[in-house]
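Everything below concerns the one structure shown next.
Derivation of every value follows stated rules applied to the coordinates shown; laboratory data play no part. All values derive from a computational prediction rather than experimental measurement. With ideal geometry, Cβ positions are generated from the backbone for all residues, glycine too; neighbour counts draw on all protein chains shown.
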Amino acid sequence: MREHIVSFLGFAFLLYLGGKLLLLALILSFTALFYYSSTTSNVNEIKTLKSTRGKSKAKIISPDLTKLQRKTPKGENIYTSNKVDFKDSPIYIFYSSLTGSSKRVASSLYEKLNEVSTNKQQEIKLLSLEDDLEDLDSYFVSIPKSEKNPNNYPLYVLILPSYESDSPIDYFLEFLEDTSQDFRIDKYPLKSLSGFTVLGLGDSESWPELFCYQSKIADKFMSKLGARRIFPLGKLCVKNNFKENTDTWINRLVDVLSDNEPFIYEKFDPEDSDFEEDDLNDDSDYDSNNEENGSDEGTLVDMEDLSGEKNKSNTSNSMLKSISNKKQMVAKNSPTFKSLTKQGYTVVGSHSGVKLCRWTKSALRGRGFCYKFAFYGIHSHRCMETTPSLSCSNKCVFCWRHGTNPVGTTWRWEVDKPDLIINGALEGHYTKIKQMRGVPGVLMDRFEEAFKVRHCALSLVGEPIFYPYINEFLGMLHEKDISSFLVCNAQHPDQLRSLNKVTQLYVSIDAPTKQELKVVDRPLFRDYWERLESCLDILRTIQSHQRTVFRLTLVKGFNMSESDVGGYANLVERGLPSLIEIKGATFCGSSEGNGNPLTMQNIPFYEECVNFVKKLNDELVSRGLDYGLATEHAHSCCFLIANKKFYIDNKWFTHIDYEKFFKLWNSGKSFDSMDYIAETPKWAYFGAKEGGFNPADTRYNRKEEKLKKKLAREANADITNVDTANGEA
């Protein structure tokens, strides 16, 4: 009986508890329904807005009601006011330009803003995305503060062209997308901006389907990163009343910045909202080619209409990505192609290049070989300088290519086959050799030998290891008995890890610390230092069978102070390279065009380089590392510190036995750097009176030769004057 009573009481308690929970659920449901009805009533009272900017339209899209971060009193519209008066906000005008159109528009806006500004303390800056920004993070992750008033955050104006071929703007867009997906960075790093707007330039006649598509992508990701859009996306056609429409757009933007009226601003979660994806094809942007006279059609869009357009929009977005991903790195009709060709390059395929080295020309005339002959036995007239990837992941301050090559951190272009690149490079190289046949002083025997390339320096420009089929490319070189000297920037550890055998593997070590490397190399990767350290570990372990070389380029005032010696020694101790090349930077003319800060004051003298090399060698020896000063090429201000394993019986063996290398490679057996060494000639030793210059060649000093010719002309003139005077007498 007692058991029945206990069971009955337990069942009654469960019914009582269930009733309480049901009542609580009903209360919560009615509360939520009441809140939803009240909020919907407020939002539905937002009416069509009359534009105060002439012909531009404003399309208001209802935000997700559950994500409204700000409640509005009944009867009020959702407006946002400015934290800082636009008249006080610093204005940064960013542009990207290959042909000059964007730069001219940006300059016009810059001049107009300075003209109408009533605040003489207002900062207005004109900045090139390629040349003036050493680090995009400093502007698009961390917001720069005003120098005059740190409490005033800047306003960004982006003026961006759209190119059918690859251009620097592609890297900028890639950067914005990566930033939006990087979990290590604040979700909305640009939320502190006073605002932003984007103007796109394009060709609606020749390229209507993707007219200004890159500016649309930039506008999308700026908003996704938390920036507040203060003016509609502008789109101008360079072939349709361009000057007139540019002036109209500038005047309207200036009009917006001249007042401080509040305006509608959508609060939404960019990652979840369909608005940002669909906005790529939204027709509410300011478009000079499609504006309607006297009409203001801002409307409240029904959420069902939005979802109805979603499939169409996603299809269009897929098309945009598909087309942009299939670009050629250097298309034949692109400004980059014209620039590289003008510099003497032969562009091979869509992303490779070959160029005749000045030392090849010098060797053909018997005027000396490059430092690689003194160090490794390379005959310069039989060496081809090429690259399978013109793109680089750094923008080094000492780069002699003047920043004309593309940049990127991922391969986003069409890919050419290795055999096409090799055959095209050889053809281009031999064509340039033929052009030397009429140059005075060319030696016939060397001219004939030059048509059988024996060495390939993969160091022309860009990042050769970046090429997806680099191992197949190297294999084809070796099959043709062409040695491979591959240079990389220590920014692609995955590719380095999987690299097959090369004749000699270079890794550029341009600075001893993380801070200095950022200044000198201006890397594109955020984790550039970690990538460099990974590459050094790979050299010491997985790639220890290779003949490895650290290449140091010394730039005075950047990376060759006495305090830097210890840092370089740390890197050597970590990577344990076979050889260490130290070279003074070469000045290659004005660097204003690519934003580099170098002048002749940054180019070290021979004696300064010698002192630095001796200090580095002493530091390595003091740490018990078995290295020594081996060779030099004084003319190139270049020096070689070698591991003492190359010092055998009081002789240096830094040269390469190339026949032995190909024999070992063809055998299919494993071998290391000591299996194909050759003796180094005494004239190449460090401190030798020849200074690494081949005694069999004739030293040619251009300045001395010019002086000799000048003196000869003056002497002939004096003789002529004397003869004339005697004749008259």
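Some observations on this one:
- Likely footprinting exposure, Ser108, Ser138, fewest C-beta neighbours within 10 Å first: Ser138, Ser108
- Shape call, segment 110-180: gyration tensor on alpha carbons, a/c limit 1.5: oblate
- Multiplying the residue separation of Lys614 and Tyr469 by 0.36 nm and removing their Cα-Cα distance gives an extension gain of 48.2 nm.
- Dipole magnitude for segment 335-684: computed about the Cα centre from +1 point charges on Lys and Arg Cβ and -1 point charges on Asp and Glu Cβ, it is near 820 debye.
- When Glu130, Glu205 are sorted by how many other C-beta atoms sit within 10 angstrom of their C-beta, beginning with the fewest, the order is Glu205, Glu130.
- Residues within the reach of a label modelled at Ser563 (point 7 angstrom out along Cα to beta-carbon, backbone nitrogen below 20 Å), restricted to segment 126-159: there are none.
- If you sort the three axes of the alpha carbon gyration tensor as a ≥ b ≥ c, you get a/c under 1.5 for segment 335-684, which makes it rounded.
- Förster-model FRET efficiency, 22 Å R0, Ala678 and Lys644, C-beta, rounded to 0.05: 0.80
- Shape category assigned to segment 493-634 from the gyration tensor of Cα positions, a/c cut at 1.5: oblate
- Remark: segment 558-566, residue by residue, has Karplus-estimated 3J(HN,Hα) of 10, 8, 9, 6, 4, 6, 7, 4, x Hz, where x stands for each Gly or Pro and the curve is 6.51 cos²θ - 1.76 cosθ + 1.60 at θ = phi - 60°.
- The amide H of Ile124, built 1.01 Å from its N in the peptide plane, has Ile91 as neighbours under 5 Å, considering only residues 5 or more places off or on other chains.
- Of the peptides 365-375, 420-430, the order by per-residue mean of other Cβ atoms within 10 Å, starting with the highest, comes out as 365-375, 420-430.
- Extended-chain gain in nm, criterion 0.36 nm per residue less alpha-carbon gap, Lys342 and Phe242: 33.1 nm
- Using the Cβ-Cβ distance between Leu420 and Lys145 with R0 = 56 Å, the FRET efficiency computed as 1/(1 + (r/R0)^6) comes to roughly 0.65.
- Among Asp649, Asp445, Asp537, Asp219, the order by Cβ neighbours within 10 angstrom, fewest to most, reads Asp649, Asp445, Asp537, Asp219.
- Remark: segment 415-524 carries a charge dipole of roughly 180 debye about the Cα centre, counting +1 on each Lys and Arg Cβ and -1 on each Asp and Glu Cβ.
- Fully extending the segment from Thr599 to Thr586, taken as 0.36 nm per residue of separation minus the present Cα-Cα distance, adds 3.7 nm.
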